[in-house]
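Chemist: Here it is, the structure, as structure tokens.
The values are calculated or read from the model by the stated rules, or taken from the named source; none is laboratory data. Remember, it's a predicted structure, so these values are computed and weren't measured experimentally. Neighbour counts are summed over all protein chains in view; Cβ atoms, including those assigned to glycine, are modelled from backbone coordinates with ideal geometry.
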Number of protein chains: 2
Amino acid sequence: MNAEILSIGDELLIGQTINTNASWIGMECSLRGIRVVKVTTIQDDKLAILNAVDEAMSLADVVFVTGGLGPTKDDITKHTLCEYFDTKLEIHPPTLRQIEDFFTSRNRPMLETNIRQAELPIDCTILENKSGTAAGMWFEKKGKVLISMPGVPYEMKGIMTEHVFPRLKEQFELKALYHYTIQTQGIGESFLADRIQDWENRVRELGFGLAYLPSPGMVKLRITSYEGESRKKEIQDLFEELRIRFPQYIFGDQDDNLPTVVGRLLRSVHKSVATVESCTGGALAHSIVTIPGSSDYFMGSFLTYSNQLKMQLAEVKEDDLINYGAVSSQVVEQMAVNGRKKLGVDYCIATSGIAGPDGGSEKKPVGTIWIAIASDNQVVSKLFQFGDNRERNIQMTVLSALNLLRCTILNISSEKK
Amino acid sequence: MNAEILSIGDELLIGQTINTNASWIGMECSLRGIRVVKVTTIQDDKLAILNAVDEAMSLADVVFVTGGLGPTKDDITKHTLCEYFDTKLEIHPPTLRQIEDFFTSRNRPMLETNIRQAELPIDCTILENKSGTAAGMWFEKKGKVLISMPGVPYEMKGIMTEHVFPRLKEQFELKALYHYTIQTQGIGESFLADRIQDWENRVRELGFGLAYLPSPGMVKLRITSYEGESRKKEIQDLFEELRIRFPQYIFGDQDDNLPTVVGRLLRSVHKSVATVESCTGGALAHSIVTIPGSSDYFMGSFLTYSNQLKMQLAEVKEDDLINYGAVSSQVVEQMAVNGRKKLGVDYCIATSGIAGPDGGSEKKPVGTIWIAIASDNQVVSKLFQFGDNRERNIQMTVLSALNLLRCTILNISSEKK
């Protein structure tokens, strides 16, 4: 089954808005076995829309149209689609009631243009938009389908998830693909591929698909079954093997992220955490507090950016700062151990490194980072060597620190990479 | 002058990569008076490329093609373009030398596929790629131009900036547009538009273009002169008027951001800063240290997420925490004043608020945030009411805090919004 995405909007063409709708639809389609073969972005212009719709309907089985339905400009897209599908607009009472409710509940006046949003083509199926006033429209012609949706991402996503994908699955008898993803941190894509070669061969011999999905500092591994959920157990067993072999890298499943996983873990063992940060300058603490309710386990931090504050707040010995430098295991371990005591927590993470672009030396180039974790009976520290991009180095340090805390809580020894 | 962008790559269609190239080209074109009328994304497939190129060349005056030139898949795009423009590939000696140098300088072995990247069409102008091994290609046919470039964003941007735009400007005698942008924080787009209505009318009467470019917490204002730099002085005068009227909102010019502006200001007055953060949890400090060299003026922070640490580190009085709550002017001012003393700095910013989604009450709903700034002779605090999105509330607090510090240093009274 082939699909085309048609994005309408001048703001996309002049680069004011990035077309994230198209990539979201592309990703969701590929997860369901629908092949997006083309994405076309055009102006809010009748002729451009007519041409693009006509071409898309000849190329693809299903056409997803986003944008061009705002209250100020919906006339063009709706009227153009009416012309193409040879139908006309009429007030759609359920949509009108929904728009009225929308404004009443928000205590906002309803304008004439909002009422016009309830004028919808009579020869199409109306798809309810729970988050906004522009409804989705499902047209059919010669066995092909065109769906028109608003361009606001969360409105479009709601309509796709609730209405469009279930209807497409039924009408086109789509194969039910089954996917499962695990998340890794601390090993690059090619190193990971090298170490799981035997496993990957078996995954493929069993007829599954395998995808490596890398992002800075992390790699997701996704197995796809073309026979649906019936092979779920086999996939779980394959991933379980990896979890046993690489517990230091595999930190979660599906959409997990490290702050969520670490938060869940701290909650389950009833422990608290604090940070003493130098090079990350608060980025580590901030990543922890992105999680709602993190105040249950996160107490606070010392950000000791200056050496003066490293001594004053974290009681780092001046001699050690002079002899070993701020970026050293000696200093970062003192930061963690003393921070743990003074901040009154179970675990304390400390970071000290050279984020760049300045401050590097031959012995400690930009990207040299020490991370330490103090707990009640030990302190562990670990050296990392990242690259020369400041913001990237900070982000890599945050991810590595969270994963090191996870390994420490779970008593997993983190090997050298 | 009309343009079309043609993006080639399966990774774009399945949503693994977001098409930021198209938005960058769209933005840069619109700044130069080139109108992008269509963006088309297609597969790495000969027939798809041929059809799309043919259609684009009939629609637009210039076609920008990105992607499909990697060492493993360049055959399709290059051969297809040769077929379309009726030419053939031959080794291009300067490009071959450049590829050889590229690998020699990086101490990496050169593969057969890399040598093939120096095979380029004979009937086109080769555009040097300083950052990679895939050269740009400039084709002409019937007065129209097609430029093929690699999909790696910084390689494409280098070729566009160094070669493509200067050549287009010359060949098509593009009008030299002149743009100037100022940056505002702390006032929404519609409120700003309302307050500068008289000014906006004058801008338009003078024949300039005006654009509002909003992003969360900020609005950029851009004036465009269609007669080039000759009217630069008039534009500067117009913006100077606004700067005098709204010094509390206008924080910078062109590509300035708040951490850069605040850092520049602290450097120029030889003052230091620290933070005492509750709801922002390190995000404010992190935004300050995104700037290289920020260790010159940023000393460190207390992140007092728990009430216990608010008392212990920032010496907030227990009675005030009980009587007024952690989110109050009384508490946030103590955090700023005591933090300033204990961290030994000139300015100390404190934040305390309810980021959400939990913790709100009728009197203090989610989004209620207090910010205080202590300096040597005063402490000012200000109440903000943001929305119900946790991450957005944290970001809005960071921007507002930095702008409040700017106003404090410059002695600008920040009015109530």
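Chemist: Has region B:86-101 got at least one residue that is among the hydroxyl-bearing types (Ser, Thr, Tyr) and more than 14 Å from chain A (Cβ to nearest Cβ)? Write out each step before concluding.
Modeler: The first filter runs over region B:86-101 and keeps only residues among the hydroxyl-bearing types (Ser, Thr, Tyr), leaving B:87, B:95.
Cutting the leftovers down to more than 14 Å from chain A (Cβ to nearest Cβ) gives us B:87, B:95.
Yes, the conditions are met somewhere in region B:86-101.
Chemist: Assess whether residue B:83 counts as being out of contact with any strand residue (DSSP E or B) (no Cβ under 9 Å at 6 or more places or on another chain) and either within 23 Å of residue A:36 (Cβ to Cβ) or in the same structural domain as residue B:140 (by TED's automatic domain parsing) (or both).
Modeler: When the stated conditions are applied, residue B:83 passes them.
Chemist: Where residues in region B:347-365 are farther than 20 Å from residue B:400 by Cβ and away from chain A (no Cβ under 13 Å), which of them is surrounded by the fewest Cβ atoms within 10 Å (Cβ to Cβ)?
Modeler: B:362
Chemist: Right, something else. Would you call residue B:401 within 14 Å of chain A (Cβ to nearest Cβ) and in contact (Cβ under 8 Å) with a residue 24 or more places away in the chain?
Modeler: Details: within 14 Å of chain A (Cβ to nearest Cβ): yes; in contact (Cβ under 8 Å) with a residue 24 or more places away in the chain: yes.
Spelling it out, residue B:401 is indeed within 14 Å of chain A (Cβ to nearest Cβ) and in contact (Cβ under 8 Å) with a residue 24 or more places away in the chain.
Chemist: Please go through region A:51-76 and pick out each residue that is within 14 Å of chain B (Cβ to nearest Cβ), closer than 19 Å to residue A:12 by Cβ and part of a helix (DSSP H, G or I).
Modeler: A:51, A:52, A:53, A:55, A:56
Chemist: Quick check: anything in region A:386-404 closer than 27 Å to residue B:342 by Cα and hydroxyl-bearing (Ser, Thr, Tyr)?
Modeler: The answer is no; no qualifying residue exists.
Chemist: Kindly check whether there is at least one residue in region B:43-54 that is touching a Ser or Thr at 6+ places or on another chain (Cβ under 7 Å), of a type outside the set (Val, Ile, Thr) and within 21 Å of residue B:23 (Cβ to Cβ). Explain how you work it out, then say what you get.
Modeler: First pass over region B:43-54, keeping only residues touching a Ser or Thr at 6+ places or on another chain (Cβ under 7 Å): B:46, B:49-50, B:52.
Imposing the further condition that a residue be of a type outside the set (Val, Ile, Thr) reduces the set to B:46, B:50, B:52.
Next, from what is left, pick out any that are within 21 Å of residue B:23 (Cβ to Cβ): B:52.
Yes, that holds for at least one residue.
Chemist: For residues that are within 11 Å of another protein chain (Cβ to nearest Cβ), within 17 Å of residue B:26 (Cβ to Cβ) and outside any helix (DSSP H, G or I), tally how many sit in region A:37-50.
Modeler: 6
Chemist: Somewhere in region A:106-113, is a residue assigned to a helix (DSSP H, G or I), within 24 Å of residue A:65 (Cα to Cα) and without any contact (Cβ under 8 Å) to a residue 60 or more places away in the chain?
Modeler: Going residue by residue through region A:106-113, those that are assigned to a helix (DSSP H, G or I) are A:112-113.
Okay, now just the ones that are also within 24 Å of residue A:65 (Cα to Cα), so A:113.
Next, only the ones that are without any contact (Cβ under 8 Å) to a residue 60 or more places away in the chain stay: A:113.
Yes: one or more hits.
Chemist: Would you be able to tell me the number of residues in region A:261-298 that are more than 7 Å from chain B (Cβ to nearest Cβ) and not in a helix (DSSP H, G or I)?
Modeler: 14
Chemist: Taking region A:162-182, which residues are closer than 21 Å to residue A:137 by Cβ and buried (at least 18 other Cβ atoms within 10 Å of the Cβ)?
Modeler: A:163, A:164, A:168
Chemist: Moving to a separate point now. In region A:299-325, how many residues are touching a residue at least 24 places away in the same chain (Cβ under 8 Å), more than 8 Å from chain B (Cβ to nearest Cβ) and buried (at least 20 other Cβ atoms within 10 Å of the Cβ)?
Modeler: Within region A:299-325, the first condition is being touching a residue at least 24 places away in the same chain (Cβ under 8 Å), and the residues that meet it are A:299-305, A:310, A:313-315, A:325.
When the remaining residues are screened for being more than 8 Å from chain B (Cβ to nearest Cβ), the result is A:310, A:314-315, A:325.
Imposing the further condition that a residue be buried (at least 20 other Cβ atoms within 10 Å of the Cβ) reduces the set to A:310, A:314.
Qualifying residue count for the region: 2.
Chemist: Looking at this structure, is residue A:216 out of contact with any strand residue (DSSP E or B) (no Cβ under 6 Å at 6 or more places or on another chain), exposed (fewer than 13 other Cβ atoms within 10 Å of the Cβ), touching a residue at least 24 places away in the same chain (Cβ under 8 Å) and of a type outside the set (Ser, Thr, Tyr)?
Modeler: It is true that residue A:216 is out of contact with any strand residue (DSSP E or B) (no Cβ under 6 Å at 6 or more places or on another chain), exposed (fewer than 13 other Cβ atoms within 10 Å of the Cβ), touching a residue at least 24 places away in the same chain (Cβ under 8 Å) and of a type outside the set (Ser, Thr, Tyr).
Chemist: So residue A:328 passes all but one of these: (1) within 12 Å of another protein chain (Cβ to nearest Cβ); (2) in contact with a strand residue (DSSP E or B) (Cβ under 9 Å, 6 or more places away or on another chain); (3) not hydrophobic (A, V, I, L, M, F, W, C). Which condition number does it fail?
Modeler: Condition (1) is where residue A:328 drops out.
Chemist: If residue B:332 satisfies every condition in (1) crowded, with 18+ Cβ neighbours inside 10 Å; (2) under 26 Å from the mean Cα position of the chain (by Cα); (3) assigned to a helix (DSSP H, G or I) but one, which is the exception?
Modeler: So residue B:332 meets the others, but not (2).
Chemist: Considering only region A:366-377, I want to know if a residue exists there that is exposed (fewer than 15 other Cβ atoms within 10 Å of the Cβ) and within 13 Å of chain B (Cβ to nearest Cβ).
Modeler: Filtering region A:366-377 for residues exposed (fewer than 15 other Cβ atoms within 10 Å of the Cβ) gives A:376-377.
Then drop every residue that is not within 13 Å of chain B (Cβ to nearest Cβ), which leaves none.
No, every residue in region A:366-377 fails to be exposed (fewer than 15 other Cβ atoms within 10 Å of the Cβ) and within 13 Å of chain B (Cβ to nearest Cβ).
Chemist: Moving on to the next point. Is there a residue being surrounded by fewer than 16 Cβ atoms within 10 Å (Cβ to Cβ), over 34 Å from the mean Cα position of the chain (by Cα) and not charged (D, E, K, R) anywhere in region A:144-156?
Modeler: No.
Chemist: Name the single residue, out of those in region B:378-396 being closer than 15 Å to residue B:186 by Cα and within 14 Å of chain A (Cβ to nearest Cβ), that is surrounded by the fewest Cβ atoms within 10 Å (Cβ to Cβ). If you could, list the steps in order and put the result at the bottom.
Modeler: Filtering region B:378-396 down to residues closer than 15 Å to residue B:186 by Cα leaves B:382-387, B:392-396.
After this cut, where a residue has to be within 14 Å of chain A (Cβ to nearest Cβ) as well, the list is B:387, B:392-395.
Working: B:387: 12, B:392: 16, B:393: 24, B:394: 25, B:395: 17.
Per the criteria, the residue is B:387.
Chemist: Could you grab me the full set of residues in region A:17-36 that are in contact (Cβ under 8 Å) with a residue 24 or more places away in the chain, in contact with a Leu (Cβ under 7 Å, 6 or more places away or on another chain) and at the interface with chain B (Cβ under 8 Å from one of its Cβ atoms)?
Modeler: Answer for region A:17-36, where residues must be in contact (Cβ under 8 Å) with a residue 24 or more places away in the chain, in contact with a Leu (Cβ under 7 Å, 6 or more places away or on another chain) and at the interface with chain B (Cβ under 8 Å from one of its Cβ atoms): just A:36.
Chemist: Across region B:206-244, what is the total count of residues that are touching a helix residue (DSSP H, G or I) at 6+ places or on another chain (Cβ under 8 Å) and closer than 30 Å to residue B:393 by Cβ?
Modeler: Qualifying residue count, region B:206-244: 8.
Chemist: While we're on this one: Exactly one condition in (1) modelled with pLDDT under 95; (2) surrounded by 16 or more Cβ atoms within 10 Å (Cβ to Cβ); (3) over 15 Å from residue B:125 (Cα atoms) is false for residue B:100; which is it?
Modeler: Just one mismatch for residue B:100, condition (2).
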